[in-house]
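Enquirer: The following block contains the structure, expressed as structure tokens.
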Amino acid sequence: MSDVVVQHELDNSTKLAFDRTWLAEERTMLAWVRTATSLISFGFAIYSFFVIPTGAGHKFTAQRFGPHVFAITLIVMGLVTLLGAVVQRRQALKVMRLQYPGLSRFSMAEVIGALMGCLGLFGLLVLLFRL
């Protein structure tokens with residue numbers, strides 16, 4: 001027997017099933033991006049809240065586990081969340097490509113995730129090196 005794959009035109013219900021699955025994956029990715037954005041933003045808010053001088057002669061003292069470390073931890077958690085979302089997304093898309101060969105789409109959720117990842121990484125570098 002030969003391993004010939006016969007591709008035929010997919011019916012409308014199969015195409016709609018692909019669309020529903022694709023949109024569910026997009027919503028899931030956007031939910032992960034939203035969660036990661038919240039973590040990153042909260043990290044910046046914590047840092048800026050505790051760094052603002054509160055009066056004359058105020059001096060920010062470095063502590064072992066102070067707001068700076070907590071802010072960096074939240075930002076790193078946001079970046080790790082984005083990385084996990086990308087891994088999960090790639091695994092799901094691999095399964096979808098096997099189920100629905102020939103059907104693919106452009107993912108705006110991945111673009112937004114990549115932009116948020118770059119922004120979070122830039123912010124992390126700013127906090128780490130205080131540029």
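Enquirer: Between Ser107 and Thr73, what FRET efficiency follows from the Cβ-Cβ distance if R0 is 22 Å, with the result rounded to 0.05?
Expert: Efficiency computed from Cβ-Cβ geometry: 0.15.
Enquirer: Under the Karplus relation 6.51 cos²θ - 1.76 cosθ + 1.60, θ = phi - 60°, what is the ordered set of whole-Hz ³J(HN,Hα) values for the range 112-129, x standing for Gly and Pro?
Expert: For the range 112-129, the Karplus curve yields 5, x, 5, 5, 5, x, 5, 5, x, 5, 4, x, 5, 5, 4, 5, 5, 9 Hz.
Bear in mind these aren't lab numbers, they're just calculated from the coordinates by the rules spelled out. Predicted, not measured: the structure shown is a model, and the values here were computed from it. In this analysis, Cβ positions are derived from the backbone assuming ideal geometry, glycine residues included, and neighbour counts consider all displayed protein chains.
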